[in-house]
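Below you'll find the structure, written out as structure tokens, and then a few comments.
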Amino acid sequence: MTATEPIIELKNISYFYRNSKTEALKDISLKIYPGEKVAFLGANGAGKSTLFKHLNGILKPYSGEVLIHGETISKRNIVKVRQTVGIVFQNPDDQILAPSVEQDIAFGPINMGLSENEVESRVNEALKLVNITGLKDRSPHHLSGGQKKRVAIAGILAMRPEVIVLDEPTAGLDPRAAENIMAVIDKMNHELGITIILSTHDVDMVPLFADRVFIMHHGRIEAQGTAKEIFKQPGLLEHVHLRMPRIACVFELLQAEGLDVETKVTPVDARDEILRLLNSPENKRWKLHGNNSH
């Protein structure tokens, strides 16, 4: 297995829900590579959650195939697939079942047939990674939304998957809790080398996180590229009922004032572009013209 081979590959997958004649997914093909941070961006109902349930065999495509490490998902390899690709659902209550945080995180490793010592080691490691060691003996059902998300992530981490899929990981969280969850996700990628796939409609968060972005709309992949490439297309975002990041809007306002600036979508790039603008001869001429006009 080389680093250039995809860890996940979808080939022309389509999917119908039984009670609907509308295709939930339409002819989707894509590849995701080891170590990537990938965001699926789309409005509610775009098909993101349905797509994610195909990535470890919860749903089976109506047509097409899903390959993990080059093997099509089947009954024969489903256990291996689910050890490779772990999913954290949008609502943590859907996957937190045990009476204590420790027991909940231990559930997956126990079902993998690991020894008692190995299970304990993995639980403690996962608790530490998501910064909830102090919640070990608490009932998960009495925790805050952000704490529940961490428990759900820890439960998947304890199984040591190569890929973690997170469906709307910041949904319903206050800004500080959302920021903390994203810091945990980034840590999993940078320190553990885990491939991260997440869905969101938060256009401000995506440029800070993603190596690649897939835009979903009505069950299709409308576009893919880096955040910079995607957010250079305001027409595309309008078409899929999304907006430009707030930072990009500032540059559009500056352009409307006649300034020669390039639209940027991250704070660091925005700082560099503004410093370039402040030091440019064109800016000095613009300021002079502006002063004369008053």
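Is it fair to say GLU191 is in a helix (DSSP H, G or I) and either in contact (Cβ under 8 Å) with a residue 12 or more places away in the chain or in contact with a helix residue (DSSP H, G or I) (Cβ under 9 Å, 6 or more places away or on another chain) (or both)? Steps first, please.
Values: in a helix (DSSP H, G or I): yes; either in contact (Cβ under 8 Å) with a residue 12 or more places away in the chain or in contact with a helix residue (DSSP H, G or I) (Cβ under 9 Å, 6 or more places away or on another chain) (or both): yes.
Yes.
Is it the case that GLU238 is over 27 Å from PRO34 (Cβ atoms), in the same structural domain as GLU168 (by TED's automatic domain parsing) and of a type in the set (Asp, Glu)? Against the criterion (over 27 Å from PRO34 (Cβ atoms), in the same structural domain as GLU168 (by TED's automatic domain parsing) and of a type in the set (Asp, Glu)), GLU238 qualifies. Just the residues that are of a type outside the set (Gly, Ala, Ser), under 20 Å from LYS48 (Cβ atoms) and exposed (fewer than 14 other Cβ atoms within 10 Å of the Cβ), please, taken from the stretch 61-82. The answer is TYR62, and nothing else.
May I ask you to say which residue of LEU59, LEU30, LEU25 is under 18 Å from MET216 (Cβ atoms), touching a strand residue (DSSP E or B) at 6+ places or on another chain (Cβ under 8 Å) and either assigned to a loop (DSSP other than H, G, I, E, B) or free of Cβ contacts under 8 Å to residues at least 12 places away in the same chain (or both)? Spell out how you get there, then give the answer.
Values: LEU30 fails: either assigned to a loop (DSSP other than H, G, I, E, B) or free of Cβ contacts under 8 Å to residues at least 12 places away in the same chain (or both); LEU25 fails: either assigned to a loop (DSSP other than H, G, I, E, B) or free of Cβ contacts under 8 Å to residues at least 12 places away in the same chain (or both).
That would be LEU59, the only listed residue that is under 18 Å from MET216 (Cβ atoms), touching a strand residue (DSSP E or B) at 6+ places or on another chain (Cβ under 8 Å) and either assigned to a loop (DSSP other than H, G, I, E, B) or free of Cβ contacts under 8 Å to residues at least 12 places away in the same chain (or both).
Does LEU253 meet the test of being among the hydrophobic types (A, V, I, L, M, F, W, C), more than 25 Å from LEU55 (Cβ to Cβ), surrounded by fewer than 17 Cβ atoms within 10 Å (Cβ to Cβ) and over 15 Å from the mean Cα position of the chain (by Cα)? Outline the logic, then answer.
On the way: among the hydrophobic types (A, V, I, L, M, F, W, C): yes; more than 25 Å from LEU55 (Cβ to Cβ): yes; surrounded by fewer than 17 Cβ atoms within 10 Å (Cβ to Cβ): yes; over 15 Å from the mean Cα position of the chain (by Cα): yes.
Yes, satisfied.
The values are calculated or read from the model by the stated rules, or taken from the named source; none is laboratory data. What you are looking at is a predicted structure, and each value in this text was computed from that prediction instead of being measured. Using ideal geometry, Cβ is built from the backbone for each residue, glycine included, and neighbour counts are taken over all protein chains shown.
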